[in-house]
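Following: one structure in structure tokens, then a few remarks.
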Amino acid sequence: MDSSLHEVWQAAAGSPFVPTIGKDSQFLVAFVLLLTGLSLGGAFTLNRSVLNLPLLAVPASLALALRSAPPPPILRAVASSTRPLYQLLKAINFTNKVHVDITENGLRFAADHARVMQGVAHWSKSLFTTYTTNLPSVPTPAEDADDAETDDEPTPPTFQISLPALLETLQIFGAADAAARQAKADADPYRSNLRNYRSDAFSNHTLGMSGTCSLAYSQEGEPFSIVLDEAGVSTTCNLTTYVPEAPDDIPFDIEDLSFKIITSARWLLDALTELAPTSPEKLTITASKAEPYLRLTSSGGPLGSSSVDFAKGRDLLETFSVATRWVQTFKFDMIKSASEAMRIASKVSLRGDGQGVLSMQFMVEVEGSGPSFLDFRFVPYAVCEDEDEETGEGGSQWEDFRDHKVGDLTEDGDFPTSKRRPRRR
């Protein structure tokens, strides 16, 4: 088979034909049009005159020849691989339902837990080979009533979807994470540890079987459709969408930053791994200009408490900026929920505002499509007024602030190259 023809064939698999009228309603529409055409045609046959020609004959011909076309779908996107999509969503897998926003730049998935923890994953346009949106416009009247012009701004469609169902759909054809492969490798004593993260001889990547993932969202209230094609096998999944009930984002004051630290995400994961064996309930994060510059302290566990200190230096802390001493205590399990993001990310930006809210932004390197970002926000424990001098001001109440954009990790700077690890106290 000609290689060019084979490429066209493979590309056509990612753009399946979708009829203008759905299969469920084709019979009803055809029956109504046929009945209308026959009725008008019969009336014109019984009373043929020049007057009835535009009144009966023309509408009858149009009813038989034309059909109403529905508006174009809100979203149509095709990706050549589901692995990066699955990995980004797996990082916020701590809730049952996720809030979805469709924008011109990609899809935004927001997960919320009791208004004290929030995780946001972004599917940018660069992750898809084709990405087309038809966002509905909401006319906004001008301030002057005499002005005839109106500003039409596209409104991002929003809905909720089951996150476990979406993850299960994306991994139908084996888009399992590295942890699952690691567990399977541990159970097999004849498998080399050097091949845990490599594809075997019978994987689809080795055999050259390329797959595609097509996403479609026709109209508001309709199911979210996912079509997976791989090695001649096509699977269509229609996920039910729900009315969005997600609250507003946890406010974070970007103009009142107490500290900002950029370091390797792997080192932060190693620090949490060192603290986990004591089964702590709380995690206290301290950032100060003097030593200890960055300290993670676990407490509340049955086996005592422990702490990990990060030394100052560009080889360990790529960016270190502290305005005032910042001390806040969080639930350890909440911070641990971001461990999957720490595992797949290359860098992490830790930031704290004056109200005590902690922001973690992770930069995930995706091959062939540039970096993607994960954003986490955590609300600290409320502290008493007499403890403010020792532990810093609490973050139980605050006013709404201007939301910030994810992108602080795009600063110029080399990756940390030193093999130094945070020391444990």
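A short reminder: the numbers here are calculations on the coordinates, not readings from a lab. No experiment lies behind these values; they were computed from the predicted model shown. Every residue, glycine as well, gets a Cβ built from its backbone with ideal geometry; the counts of neighbours run over all protein chains shown.
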Placing one equal point scatterer on each C-alpha of segment 211-311 and summing with Debye, one gets log10 I(q)/I(0) at q = 0.10, 0.11, 0.15, 0.19 Å⁻¹ equal to -0.64, -0.71, -0.80, -0.93
Flagged as over-length at 26 Å C-alpha distance, from LYS97/LYS125; LYS90/LYS282; LYS97/LYS260; LYS260/LYS336, the pairs are LYS97/LYS260
Everything considered on the Cα gyration tensor (a ≥ b ≥ c; rounded for a/c under 1.5, else prolate if a/b is larger than b/c, else oblate), segment 78-124 must be described as oblate
Length gained if LEU28 through ARG266 is fully extended, taking 0.36 nm per residue and subtracting the Cα-Cα distance, is 79.9 nm
Classified through the alpha carbon gyration tensor (a ≥ b ≥ c as square roots of its eigenvalues; rounded if a/c is under 1.5, else prolate when a/b is larger than b/c, else oblate), segment 294-386 comes out prolate
Each label sits 7 Å from Cα toward the beta-carbon; between GLN171 and SER346 the label points are separated, in nm, by 2.5
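Assuming a ≥ b ≥ c are the square roots of the Cα gyration tensor eigenvalues, decide whether segment 221-274 counts as rounded (a/c under 1.5), prolate (otherwise, with a/b larger than b/c) or oblate. Walk me through the numbers on the way to the answer.
Details: a/c = 3.76, a/b = 1.62, b/c = 2.32.
Taking the square roots of the gyration eigenvalues as a ≥ b ≥ c, segment 221-274 is oblate.
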Expected unfolding gain across ARG325-ALA231 under the 0.36 nm per residue rule, minus the alpha-carbon gap, is 28.2 nm
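For THR132 and ILE254, what is the calculated FRET efficiency with R₀ set at 41 Å and r taken between the beta-carbons, to the nearest 0.05? Before the final figure, lay out each step's value.
Values: r = 32 Å, r/R0 = 0.79.
For R0 = 41 Å, the calculated efficiency reads 0.80.
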THR36 and LYS125 label points (each 7 Å along its Cα→Cβ direction) are spaced in nm at 3.8
So for R0 = 41 Å, FRET eff. of GLU365-LEU303 from the Cβ-Cβ r, to 0.05, ends up at 0.65
